[in-house]
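No value in this document is a laboratory result; all are computed from the given coordinates. Only a predicted model underlies this, so the values are computations on that prediction, with no experimental measurement involved. Cβ coordinates were reconstructed from backbone atoms using ideal geometry, including for glycine residues, and neighbour counts include every protein chain displayed.
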Amino acid sequence: ADFVAPYDATVIELLRQAGSVFIGKTNLDEFAMGSSTENSSFFATKNPWDPNRVPGGSSGGSAVALADDLCIFALGTDTGGSIRQPAAWTGTVGFKPTYGLFSRYGVIAMASSLDQVGTFTRTAADALTLFETLGKPDHRDSTSDVRFHEFDFPDQGLVGLKIGVPGEFFGDGLDVGIAKLVKRAIDRLSELGAEIVPVSLPLLKQALAVYYILMPAEVSTNLERYDGIRYGYHYPDQKAESLTDSYFKSRGLTLGTEVKRRIMLGSFVLSAGYYDAYYARAQKVRTLIKQQFDQIFSEVDILAGPVTPINPFTFGEGSNDPLKMYLADAMTVPVNIAGLPGVSVPCGLDDNLPVGLQLIANRFDDKKLLSVASVYQKSTGYHKQHP
Ligand code: GLN
């Protein structure tokens, strides 16, 4: 609660050098675990479009700061959708770059092989501007990789571009209102000149299960350091009965329910006897999912679909039903599993609640992705609607 970072993360350093004026830190789910900000240690953030509903998460505070015009951009991290999903639910643009493109140095690790820093903006063009500042190599992050491709902003609309629409994104569980708006957005991409190609990625159906095995495994490992000795709350020595008691109390008294649930799940899938059945198998399926995306991107430039299957839920609906909350991540997690760039762009209102169109590109095609998003956005006015 009272922690003040002793040094700047690379992304903060870069923004500072570029002259940014920082106005505050935003709320989020504890350790970025959640889809609603209800797991925050402080309070839940409300959705300005309907204060009875969640703004999405985990970077809900960043999304709302943007939706309410408190700032012109905000940062977040996206491990399984925490930028794109709250962007979709607040009518803002949420961009998750290719894995490794924005430095993770100074970012608290959730699941290191999936975590990526990204941006909230009102337009995809603004996201491109920030990309120029943040897409820099960093020797302090061993996964830093900035081999992105240049892309000339298309002045002929989207002529010459192939956009794939995975059928798996439009299956059972997708809200009809969302399906309608996303299909209308895809029609618009076609009017702008893109060739729309129906495609199939059968393994998308396994992505959620893979994510909810690999992510908790990495979470349980990364959060080992919060043992109260160097990191995290330290239980008073005079009260602790032993070193073990100190560890148990330091962690047990302070980590939230969702965080504990994931540490337990992660410890389980990594434990002797279950490692091969869960963790090792999920890693293999991860490789297959990546290969399926590689194959698709040899045929199309961009993939299009919904960001989330449902509209923002009311407070308590998701936090009282963790599985329901996890299921809402089905369309965002495949992008993290394959390390791809993805963006959520506003595509209309369903029942007066904003809906996002998700565009996905191949690794390092971030500029192509944002350019396409920008062409789409310039032909619509949805991002100009305010709560
Ligand atoms: N909602 C997802 C989860 O709870 C994504 C979190 C994130 O991207 N930080 O894990």
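What distance in nm separates the two pseudo spin-label positions at ASP245 and ARG184, each 7 Å out from Cα along the beta-carbon direction?
6.4 nm
When a/c is below 1.5 the answer is rounded, else prolate if a/b is larger than b/c, else oblate, so apply that to region 250-374 with a ≥ b ≥ c taken from the square roots of the Cα gyration tensor eigenvalues.
The shape class here is oblate.
Rank these for me by crowding, THR380, THR244, THR37, going from fewest to most other beta carbons within 10 Å. Don't skip to the end; give the middle numbers.
Working: THR380 16, THR244 9, THR37 31.
Neighbour counts put them in this order, fewest first: THR244, THR380, THR37.
GNM, the chain, Cα, under 10 Å: largest mean-square fluctuation among ALA185, ALA280, ALA44?
Result for the chain, Cα springs under 10 Å: ALA280 fluctuates most.
Compute a Gaussian network model of the chain, connecting alpha carbons closer than 10 Å, and tell me which residue from GLN358, GLN283, GLN295 fluctuates the most.
For the chain, modelled as a Gaussian network with Cα springs under 10 Å, the answer is GLN295.
Cα atoms only, region 180-298: Rg and Dmax in Å?
21.9, 71
Need one number: nm distance between label points at TYR233 and ARG261, each 7 Å from Cα along Cα→Cβ, rounded to one decimal.
Spacing of the two 7 Å Cα→Cβ label points: 2.0 nm.
Could you list SER319, SER36, SER144 in order of exposure, starting from the residue whose Cβ has the fewest other Cβ atoms within 10 Å?
Working: SER319 21, SER36 29, SER144 17.
By the 10 Å Cβ count, ascending, the order reads SER144, SER319, SER36.
Just to confirm the filter: which trypsin sites (Lys or Arg not before Pro) across region 104-203 are DSSP coil and have at most 14 other Cβ within 10 angstrom of their Cβ?
Working: sites: ARG104, ARG122, ARG140, ARG147, LYS162, LYS180, LYS183, ARG184, ARG188; in loops: ARG104, ARG122, ARG140, ARG147.
Qualifying residues, ordered by number: ARG140, ARG147.
Which one, GLY157, GLY167, LEU204, projects farthest toward the positive side of the charge dipole computed for region 127-229 from Cβ point charges (K/R +1, D/E -1)?
GLY167
Write out the trypsin sites (Lys or Arg not before Pro) in region 1-86 meeting two conditions: DSSP loop, and at most 14 other Cβ atoms within 10 Å of their Cβ.
Within region 1-86, the qualifying trypsin sites (Lys or Arg not before Pro) (loop, at most 14 other Cβ atoms within 10 Å) are LYS25.
Okay, helix-only estimate at 222 nm for the chain: each DSSP H run of n ≥ 4 adds -39500 (n - 2.57), divide by all residues, round to 500 deg cm²/dmol; what do you get?
Details: 12 runs with 133 residues, N = 387.
Computed ellipticity for the chain at 222 nm equals -10500 deg cm²/dmol.
Could you give the nm distance between label points at LEU70 and GLU13, where each point is 7 Å from its Cα heading toward the beta carbon?
So the two model labels end up 2.7 nm from each other.
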